[in-house]
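Let me begin by presenting the structure, written as structure tokens, before commenting on it.
The values are calculated or read from the model by the stated rules, or taken from the named source; none is laboratory data. Here the structure is a predicted model, which means the values were calculated and not measured. Neighbour counts run over all protein chains shown; Cβ positions are idealised from the backbone, glycine included. In case anyone asks, the SASA skips ligands and DNA or RNA and just uses the protein heavy atoms, side chains included. Shrake-Rupley method; radii C 1.70, N 1.55, O 1.52, S 1.80 Å.
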Amino acid sequence: MTAGGQAEAEGAGGEPGAARLPSRVARLLSALFYGTCSFLIVLVNKALLTTYGFPSPIFLGIGQMAATIMILYVSKLNKIIHFPDFDKKIPVKLFPLPLLYVGNHISGLSSTSKLSLPMFTVLRKFTIPLTLLLETIILGKQYSLNIILSVFAIILGAFIAAGSDLAFNLEGYIFVFLNDIFTAANGVYTKQKMDPKLGKYGVLFYNACFMIIPTLIISVSTGDLQQATEFNQWKNVVFILQFLLSCFLGFLLMYSTVLCSYYNSALTTAVVGAIKNVSVAYIGILIGGDYIFSLLNFVGLNICMAGGLRYSFLTLSSQLKPKPVGEENICLDLKS
């Protein structure tokens, strides 16, 4: 959250141009903050859902939404942050973000519990071509041949790795591809729907508020809530601490995702996530206990990672080039 505070301070006290364009420091810090939160929450969620065998990913998502609502509401009451009170126009302004938000949440947690970390991170790289496609269609962006070739390498490596996955889990694959779609759409629509009056805190708060009750109903109707209440580790202090840490990191991840998309672009957010995935993938080979090694799978994994790193380098280099004020059509609410 330091990145947001520093950027806001710069916007409040800087020149008029600073109110329209985020500084390079704000863009870099917001990207670094997002990458760190994303890295930590994957490891914590994997420990909860696989090591401890927690059977209720939807209930975990509800805990993360509840933490988001409480943290933001208490901060608003204490005048630490500001976002507008509810009015009937807010759901219209946000739609379809709340649906993408909860879909991203549930599919991400469900796929984490069913796939090894290396395969989870490789398949999550499909977020990049999906984001590129959606930004081309919705935001009208165009990309160079080098970026397109890097995306091709990502897709090729992912297909090779998936085709030789000895621990293949169809349900896990379906959830991770849904997660890719929801993540890509969420990043693009966050950029498109960001309202200066609502601000990034308002987007987070109302997304969680609108979806926590429907998600709770889904949890009850699918038996997810019952499995959570009957879980035998609730007297384990270490498990409880990790569960609470996951809820807090869930808030930080949502905040950092909006912050990164807010100061950079949906594509940069996806790229930072891809860079993080490289370290998670190789760590997952050594820990977790659910990765089954095969040479072809490992080759595909490395092709995918190499394509992702090349793509990340090209995109971030392009993102950090200074642009005239007129080239960026982004309205930032740095005082929210």
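Data overview
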{"read-out": "Failed item in (1) more than 22 Å from SER56 (Cα to Cα); (2) at pLDDT 80 or above, with PHE175 passing the rest", "value": "(1)"}
{"read-out": "Residue check for LEU72: over 18 Å from the mean Cα position of the chain (by Cα), more than 18 Å from PHE248 (Cα to Cα), modelled with pLDDT of 90 or more and not hydroxyl-bearing (Ser, Thr, Tyr)", "value": "no"}
{"read-out": "Members of region 206-241 found to be within 30 Å of LEU94 (Cβ to Cβ), surrounded by 11 or more Cβ atoms within 10 Å (Cβ to Cβ) and among the polar types (S, T, N, Q), listed by number", "value": "ASN207, THR215, SER219, THR222"}
{"read-out": "Leading residue by the ranking (least open to solvent (accessible area, probe 1.4 Å)) among those in region 166-186 that are free of Cβ contacts under 8 Å to residues at least 60 places away in the same chain and more than 22 Å from the chain's Cα centre (by Cα)", "value": "ASN169"}
{"read-out": "Unique match (being closer than 23 Å to LEU252 by Cα, in contact (Cβ under 8 Å) with a residue 24 or more places away in the chain and part of a loop (DSSP other than H, G, I, E, B)) among PRO98, PRO84", "value": "PRO84"}
{"read-out": "Any chance GLY140 is within 26 Å of THR190 (Cβ to Cβ) and within 14 Å of the chain's Cα centre (by Cα)", "value": "no"}
{"read-out": "Total residues in region 113-165, condition open to solvent by less than 20 Å² (accessible area, probe 1.4 Å) and among the hydrophobic types (A, V, I, L, M, F, W, C)", "value": "12"}
{"read-out": "THR131 being over 19 Å from TYR282 (Cα atoms) and modelled with pLDDT of 80 or more", "value": "no"}
{"read-out": "Residue match in region 105-124 (condition: under 24 Å from CYS304 (Cβ atoms), free of Cβ contacts under 8 Å to residues at least 60 places away in the same chain and in a helix (DSSP H, G or I))", "value": "yes"}
{"read-out": "Number of the exception - GLU171 against (1) assigned to a helix (DSSP H, G or I); (2) of a type in the set (D, E, K, R); (3) more than 23 Å from ASN104 (Cβ to Cβ)", "value": "(3)"}
{"read-out": "Filter pass, SER317 being open to solvent by less than 10 Å² (accessible area, probe 1.4 Å) and modelled with pLDDT of 70 or more", "value": "no"}
